[in-house]
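Chemist: One structure, pasted below without further comment.
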Protein chains: 2
Amino acid sequence: MIVSYAELAGTLERALAALGLEPDRAPRCAQLIADSTRDGVPSHGLNLFPRVASMIRRGAIDPRGRAIRVAGRGALERWDGRRGVGALNAFDAMQAAIAGARASGIACVALGNTNHWMRGGSYGWQAADAGAIALCWTNTLPNLPPWGAATPRIGNNPLVVAVPRANGHVVLDMAMSQFSYGALASYRARGERLPVAGGFDRDGRLTDDPAAIEASRRPLPIGFWKGSGLAIVLDIIAAALAGGRATHEIGADPEQETGLSQVFIAIDPASLEGVAIDRVADAVVASVQARYPGERTLAARRQHLQQGIEVDDEAWTIARRCASA
Amino acid sequence: MIVSYAELAGTLERALAALGLEPDRAPRCAQLIADSTRDGVPSHGLNLFPRVASMIRRGAIDPRGRAIRVAGRGALERWDGRRGVGALNAFDAMQAAIAGARASGIACVALGNTNHWMRGGSYGWQAADAGAIALCWTNTLPNLPPWGAATPRIGNNPLVVAVPRANGHVVLDMAMSQFSYGALASYRARGERLPVAGGFDRDGRLTDDPAAIEASRRPLPIGFWKGSGLAIVLDIIAAALAGGRATHEIGADPEQETGLSQVFIAIDPASLEGVAIDRVADAVVASVQARYPGERTLAARRQHLQQGIEVDDEAWTIARRCASA
C-alpha cells in the first residue's frame with residue numbers, strides 16, 4: 001500500500017491521540033514516526049508503532065509522561081524521562097541540549113527512565129536543522145554478544161553524530177551490531193546472503209547467512225572487539241550520567257524494553273567566531289568521492305515525498321484501526 | 001633489549017631536551033611516550049620517537065610551540081597548536097577541557113594546527129585519572145579508502161572514550177581501520193594470518209593476508225560502511241571547530257603528517273549530584289563477562305613495571321644517541 005506523507009502523519013496523529021497522547025504532543029510524535037518512514041527507515045518508524053501502541057496499552061509507556069530536569073550543573077543536565085514516550089523524550093532532551101549549546105557552546109542532557117527512541121537519526125537531523133552539531137546515543141536491552149562471548153550481554157547501543165550543512169546535513173546513525181535483526185529478516189525474506197559476514201552460526205563460524213545468525217542470536221559487533229568495546233563504554237556513560245539503567249538491568253524481551261538511558265550532546269558551531277562548517281563539510285564530502293552519512297536518507301526522502309511511501313500492511317492496518325477507534 | 005620504565009622515561013627526557021623541548025616540557029612529553037610503551041602500545045610510544053625527532057630536526061614540528069586559546073564561548077574553546085609537539089598539545093588541550101568540565105559540567109577544546117598525538121588513549125587515561133569522562137578524536141592523513149572506493153581518501157581518525165573507575169578506568173582507543181599498518185606488519189613478520197578479514201587484496205577480495213593488504217593499500221574500515229561514515233563526520237567536526245585542516249588537506253606522506261585537527265570533550269561526573277560512576281562501571285564490567293576496554297592496558301602496565309619493557313632496538317638506539325648528543 002502506498003500512502004502520502006500527509007496521510008501517514010495524519011493517521012499517526014489521530015492514532016497517538018486515541019492512545020492518550022495530549023493534543024500538544026501527538027502531532028510531534030506523529031511527525032517523528034512519519035519522518036523516519038519517509039526517510040527510508042520504516043523499521044524504526046511506522047513498523048515500530050504497533051509495539052509502542054501495545055506498550056502504552058499495557059502501561060509500560062506512560063503516554064502523558066513528560067521528561068523533566070532533575071539535576072544540573074552549568075551545561076550538564078540530568079533528566080528523568082518518567083517512562084514517557086521515548087521519541088518525545090529524546091526530542092525534548094535534544095532541544096534542551098541545543099538551547100544549552102546556544103548559551104554555552106556545548107551542552108549535554110543525560111536522560112534516564114525513558115523508552116525506545118525509535119530512529120536515533122531523528123535527533124541528529126533535529127540538531128542539524130537547528131544549526132547544531134550533535135552526538136547522542138542510547139543503550140538498549142542486551143541484544144548482542146560482546147566480542148569473545150556467545151550470549152547477548154551488551155546492547156547494540158546506536159550512536160548518532162550529526163553535522164549541519166546547507167547542502168544536506170551529514171548524519172551518521174550507527175548501531176554497534178553490523179546488521180539489526182530487522183535487516184537480517186529482510187535479507188532472509190528476499191532470499192539473499194548478507195553483503196559481508198554479519199555474525200556467527202550455531203557452530204561459532206562467521207557467516208553471511210542471515211537465517212543462521214537469527215538462529216544463533218550471535219550478530220557481530222562492528223569491528224569485532226572495537227564495536228563491542230564502544231557499546232560497553234557508551235552504556236556506562238549513559239547509565240551513570242542519567243542515573244538510569246545499564247543494559248544488563250534491562251529485560252531481554254523487546255516488548256518489555258523500558259527504562260533506557262541516553263546522552264544528548266549538542267555543540268553550537270556559530271558560537272565560535274569563524275567556524276565555516278558549510279565550507280568544511282562541502283569540501284570533505286567532495287573529497288571522499290564515496291557515500292557520505294545521510295546521503296541515502298535525503299534520496300529516500302525526496303523519492304517518498306514525490307512518489308508516496310510504501311507502508312507495511314500490518315503496521316498500517318494497526319495504525320488506521322487505532323486512529324478510527 | 002629490556003629496560004626499566006625509569007630508564008626509558010629518563011632517556012626520552014634527555015633526548016627531547018636535546019631536541020629543543022624546554023625544561024618544563026621535556027619531562028611531560030617523555031612520560032607520555034614512556035607510558036604508552038609501558039602500557040603495551042610501543043607502536044604509538046617509543047617506536048614513533050624517531051619520526052618525532054626527525055620532524056623536529058626538519059622543522060615540521062616546533063619543539064617550543066605551545067598551543068594557545070584563540071577563541072571561545074562558554075565551555076567551547078578553539079586552540080591553535082602552533083605546530084608544536086602533538087602529544088604535549090593534546091595533553092594541554094585535555095587539561096583545559098577537564099578544567100572546563102569542572103566549571104561547567106561539560107567542556108570542549110578543539111585544537112587545530114597540531115601534530116600526531118601518538119597514543120590517543122593517553123588523553124583518555126589522563127581524563128579518567130582526573131575523575132573525568134572523556135571523548136576525544138583526531139583526524140589523520142588519508143590512510144584508508146572510504147567504503148566503496150579503492151584509494152585512501154579518509155583518515156583512520158582514532159576515537160577515544162574514557163570512564164574513570166577506581167578498579168581500573170574503562171578506556172576505549174579505537175582507530176577506524178580494523179588493523180593499523182603497524183599491526184599488519186607485525187602479523188606479517190610473525191607469519192600469521194589476521195584473526196578476521198582486514199582489508200582487500202589487489203583484486204578487491206576481502207582477505208586476512210596482511211601482506212596482501214599492505215600491497216593494495218586497502219585496509220578495511222571497522223564495520224565497513226559504518227566506520228567509513230564515522231571517520232568522515234569526525235573529520236568534519238574536528239576541522240570545522242578547530243579552524244584547521246581536514247584529512248584531504250593533509251599530505252599522504254607520514255613523515256610530513258602535520259597540521260592535524262582534534263577535539264577534546266570532558267564531562268565531570270562529580271558535578272551532577274548522585275552520579276555513581278564506580279558502581280555503574282563495576283556492574284557493567286562484571287555483567288559483560290568478556291574483555292572490557294582498558295583491561296589489557298592495565299595488564300600490560302603491571303607486567304612491564306614488574307619485568308621491564310622490551311624495546312625496539314632501532315628506536316631505542318636512536319633515542320639513546322639523541323639523549324647523549
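The values are calculated or read from the model by the stated rules, or taken from the named source; none is laboratory data. Since this is a predicted model, take the numbers as computed values, not measurements. Because the Cβ atoms are built from the backbone with ideal geometry, glycine has one as well, and the counts that use them run over all protein chains shown. The area values use the complete protein model at the heavy-atom level, side chains included, leaving out ligands, DNA and RNA. Shrake-Rupley method; radii C 1.70, N 1.55, O 1.52, S 1.80 Å.
Chemist: Which net charge results for the neighbourhood of residue B:119, defined as the other residues with beta-carbon distances under 9 angstrom from its beta-carbon, given Lys and Arg at +1 and Asp and Glu at -1? All intermediate terms of the calculation are to be shown ahead of the outcome.
Modeler: Numbers: positive: none; negative: B:35, B:39, B:173.
With Lys, Arg at +1 and Asp, Glu at -1, the neighbours total -3.
Chemist: Would you please give the residues with an amide H less than 5 Å from that of residue A:199, counting only those at least 5 places away or on a separate chain, with H modeled from the backbone geometry?
Modeler: A:207, A:220
Chemist: What are the ³J(HN,Hα) values, in whole Hz, obtained from phi via the Karplus relation 6.51 cos²θ - 1.76 cosθ + 1.60 with θ = phi - 60°, for each residue of region A:267-272 in sequence order, with x given for Gly and Pro?
Modeler: Listing the rounded values in order: 10, 9, x, 5, 6, 9 Hz.
Chemist: Based only on the alpha carbon positions, what is the Kirkwood hydrodynamic radius of region B:57-134, in angstrom?
Modeler: 12.7 Å
Chemist: Follow-up. Can you list the trypsin sites (Lys or Arg not before Pro) in region B:129-215 that are in a DSSP coil and have 16 or fewer other beta carbons within 10 angstrom?
Modeler: B:190, B:193, B:202, B:205
Chemist: Once amide H atoms are placed 1.01 Å from N in the peptide plane, what residues at a sequence separation of 5 or more from residue A:154, or on another chain, have their amide H within under 5 Å of its amide H?
Modeler: Those lying under 5 Å, H to H, from residue A:154 are A:143, A:144.
Chemist: Here's something else I'd like to know. Just the projected area, averaged over all directions, of the convex hull on the alpha carbon atoms of the protein assembly as shown: how many nm²? Don't jump to the answer; show the numbers that get you there.
Modeler: Numbers: hull surface 107.0 nm².
For the protein assembly as shown, the mean projected area of the Cα convex hull comes to 26.7 nm².
Chemist: Would you mind computing Rg(Cα) / (2.2 N^0.38 Å) for region A:128-245, counting N as its residues?
Modeler: Rg over 2.2 N^0.38 Å, computed on Cα atoms: 1.17.
Chemist: Counting only other residues whose beta carbon sits under 13 Å from that of residue A:150, what net charge do I get with K and R as +1, D and E as -1?
Modeler: Taking every Cβ under 13 Å from that of residue A:150, the sum is +3.
Chemist: Residue by residue through region A:176-181, what is 3J(HN,Hα) from phi via Karplus (6.51 cos²θ - 1.76 cosθ + 1.60, θ = phi - 60°)? Round to whole Hz and write x for glycine and proline.
Modeler: With coefficients 6.51, -1.76 and 1.60, one gets 7, 8, 5, 9, 6, 4 Hz.
Chemist: If you average the C-alpha positions of region A:181-254 and of region A:112-149 separately, how far apart do those two centres end up, in angstrom?
Modeler: Here the answer is 15 Å between Cα centres.
Chemist: Hey, for residue B:166 with labels 7 Å out along Cα-Cβ, what do the inter-copy distances come to in nm, ordered shortest first?
Modeler: Computed spacing set for this position: 5.4 nm.
Chemist: Next up: Give me a single rounded figure for B:173-182: the average over its residues of other chain Cβ atoms within 10 Å of their Cβ.
Modeler: Across B:173-182, the average partner-chain Cβ count within 10 Å equals 2.
Chemist: I need the trypsin sites (Lys or Arg not before Pro) found in region A:1-70, filtered to DSSP loop residues with at most 13 other beta carbons within 10 Å of theirs. The partial results should precede the final answer.
Modeler: Numbers: sites: A:14, A:25, A:28, A:38, A:51, A:57, A:58, A:64, A:66, A:69; in loops: A:25, A:58, A:64, A:66.
Counting only loop positions with at most 13 other Cβ atoms within 10 Å, the trypsin sites (Lys or Arg not before Pro) in region A:1-70 are A:58, A:64.
Chemist: Also, I was wondering about something else. Ballpark to the nearest 100 Å², how much total accessible area do B and A bury together, probe 1.4 Å?
Modeler: 6100 Å²
Chemist: Show me, for region A:90-96, the HN-Hα J-couplings you get by feeding each phi into the Karplus relation (A = 6.51, B = -1.76, C = 1.60, θ = phi - 60°), rounded to Hz, glycine and proline as x.
Modeler: 5, 4, 5, 5, 5, 4, 5
Chemist: Bin all alpha-carbon pair distances of region A:205-325 at 5 Å intervals from 0 and give each bin's fraction as a whole percent.
Modeler: Distribution as computed: 2, 7, 7, 9, 13, 16, 19, 15, 8, 3, 1 percent.
Chemist: Using DSSP to define loop residues, name the GluC sites (Glu not before Pro) in region A:210-298 whose beta-carbon has at most 16 other beta-carbon atoms within 10 Å.
Modeler: Answer in residue order: A:273.
Chemist: Taking H as built 1.01 Å from N, whose amide H comes closer than 5 Å to the amide H of residue B:177, not counting residues under 5 places away?
Modeler: Close amide H contacts, sequence-distant or interchain: B:222.
Chemist: Kindly report the accessible area of chain B per residue (heavy atoms of protein chains, probe 1.4 Å, no ligands, DNA or RNA), in Å². Display every interim value, and only then the final one.
Modeler: On the way: 11730 Å² over 325 residues.
That works out to 36 Å² per residue.
Chemist: Let me ask something else. As an exercise, take the mean of 1/r over every pair of distinct alpha carbons in chain B, invert it, and state the Kirkwood radius in angstroms.
Modeler: Radius from the Kirkwood sum: 20.2 Å.
Chemist: Probe radius 1.4 Å, ligands and nucleic acids ignored: give me the carbon and sulfur share of the accessible area of chain A as a rounded percent.
Modeler: 47 percent
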